[in-house]
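First comes the structure, then the notes that go with it.
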Amino acid sequence: MSRSLDLPKIDELAQELAAIQQTGSKRIALLGSRHVPITHQQLIEMMTYALVLGGNRLITSGAQGTNAAAIRGAMRADPNLLTVILPQSLDRQPRESREQLEQVIHLVENPANNEMSLAEASSICNQEIVSRAQQLICFAFHDSSTLLETAQFAEEQRRVVTLFYFD
């Protein structure tokens, strides 16, 4: 009995293997929930520090929690390898976020999205972040719909996706 091979699946696995074996620097998108315990934020910060120290470019957004921890880690390692893309303009961000974001060298604002809800603007922003990256690392809860949709979008764009769940 002959078995047909699922060629698209084989192609996806080959792409993932190539991405994992790549020794040069990568463009890594890192996104996650705002609601993260401080111990998790410290781990994300250390991981991001190591990724950027290794020469990888990090792309994230500007929210508190996961993204703020990623920004701290990247800024400590090499601020030139960090790009932060905001869903809306800088003045729409909370004050505590603005203080950190004003230190970012490569900051992209999206004032055209100011009239949208934050959820809509974040979804568009996350897609832009994924489109600039080769890989997505995402920290989410099982009910984080915007983040899970972003992970699905990244898979459809044939990005390597690593999804960590907090719950």
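Please treat every number below as a calculation from the coordinates, not as lab data. All values derive from a computational prediction rather than experimental measurement. For neighbour counting, all protein chains shown are included, and Cβ atoms are generated from backbone atoms with ideal geometry for every residue, glycine included.
Here the stretch 84-167 is treated with +1 on each Lys and Arg Cβ and -1 on each Asp and Glu Cβ, and its dipole about the Cα centre works out to around 260 debye.
Using helices alone, what [θ] at 222 nm do you get for the chain, with -39,500 (n - 2.57) per DSSP H run of 4 or more residues, divided over all residues and rounded to the nearest 500?
Details: 6 runs with 76 residues, N = 167.
After summing the helix terms and dividing by residue count, I get -14500 deg cm²/dmol.
In the chain, the longest principal axis of the Cα atoms and the axis of helix 145-156 are about 40 degrees apart.
Under a Cβ-Cβ cut-off of 11 Å, what is the net charge of the residues other than residue 68 that fall near it, where Lys and Arg count +1 and Asp and Glu count -1? Neighbourhood net charge equals -1.
Considering only Cα atoms, the convex hull volume of the chain works out to 129 Å³ per residue.
Label positions at residue 127 and residue 112, each projected 7 Å from the Cα along the C-beta direction, are separated by 1.2 nm. Placing dummy labels 7 Å off each Cα toward the beta-carbon, the span from residue 156 to residue 119 is 1.8 nm. Taking the Cα atoms of the stretch 108-164, the ratio Rg/Rh between the radius of gyration and the Kirkwood radius comes to 0.98. Between 125, 89, 162, the Cα set farthest toward the positive side of the dipole of the chain (charges on each charged residue's Cβ, about the Cα centre) is that of 162. Descending by average beta-carbon neighbour count within 10 Å, the peptides 68-75, 90-97 line up as 68-75, 90-97, the highest first.
The residues neighbouring residue 143, those whose beta-carbon lies less than 15 Å from its own, together hold a net charge of -1 under the Lys/Arg +1, Asp/Glu -1 convention. Charged neighbours of residue 131, selected by a Cβ distance under 15 Å, balance to +2 (K, R count +1; D, E count -1). Going by alpha carbons, how many degrees (0 to 90, nearest 10) lie between the helix axis of 66-77 and the longest principal axis of the chain? Roughly 90 degrees, rounded to the nearest 10. In a reduced charge model with +1 at each Lys and Arg Cβ and -1 at each Asp and Glu Cβ, the stretch 25-165 shows a dipole moment near 460 debye about its Cα centre.
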